[in-house]
Amino acid sequence: MIVMTFIEKFDELKKKYGKIDEKKLTDNFAVQIEMTDDDCGGIFYVAYMNSPFAIEPYDYHDHTAAIKVSSKVLEDILSCKADPMDEFFAGNLTVDGDVGHALMLVELMKKAPKKKAAPKKETAKKAEVKAEPVKAEKKAEVKAEPVKAEKKAEAKAEPVKAEKKAEAKAEPAKKTTKKSK
């Protein structure tokens, strides 16, 4: 386990989760976060007060909400590996003040885990393999062979057999007619 100082951990968290879309901000808020770890414990704040979004490693006395949490649980929440409500009810997270502001901040800072690049390449290869038309063309050729269809059409359209049957039926009638004379 790597031991980090508060400033190192703060800088890491700010770099990973500090970029948000300020267009989504509607309310002013100042949320103070206290990391309770022995090695990297400390306080920082995240605020939006009619000015640019700010994340700074200082105490914010007029905060609208205050969160106490270990750095590991905080990072698990922000990376979507843990649910903030589950952590709250488990006693791993406390919130004082406006809980809505605390939850809004967490939602703004959350980042979905990035998918590995390797599976994307494999997926592309699989798509290429599936897109090969060789097997489909062979099946289409077998089904679309006009020779078989022509043979069936010729067999149906041959009047020769029908004529022979008609002649065969007509001949006995003629024979009967000849015998009666």
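Couple of notes before you dig in:
- Fewest-first ranking of Asp98, Asp21, using other Cβ atoms within 10 Å as the exposure measure: Asp21, Asp98
- Proximity of backbone amide H atoms, modeled 1.01 Å from N, is registered between Ile33 and Phe44, Tyr45, Val46, Ile67 at under 5 Å, excluding neighbours fewer than 5 places apart on the same chain.
- Sequence-separation-based contact order of region 6-109, relative, with Cα cut under 8 Å and 6+ spacing, percent: 27
- Intensity falloff of region 61-107 expressed as log10 I(q)/I(0), Debye formula with alpha-carbon point scatterers, at q = 0.15, 0.25, 0.27 Å⁻¹: -0.34, -0.92, -1.05
- Highest mean first, the peptides 75-85, 39-49 sorted by other C-beta atoms within 10 Å per residue fall in the order 39-49, 75-85.
- Region 6-109 - Kirkwood radius from inverse mean 1/r over Cα pairs (Å): 13.6
- Nonlocal amide H pairs with Asp83, under 5 Å, H built at 1.01 Å: none
Every number here is computed from the coordinates shown, using simple stated rules; none is lab data. It should be emphasised that the depicted structure is a prediction, and the values quoted were computed from it without experimental measurement. With ideal geometry, Cβ positions are generated from the backbone for all residues, glycine too; neighbour counts draw on all protein chains shown.
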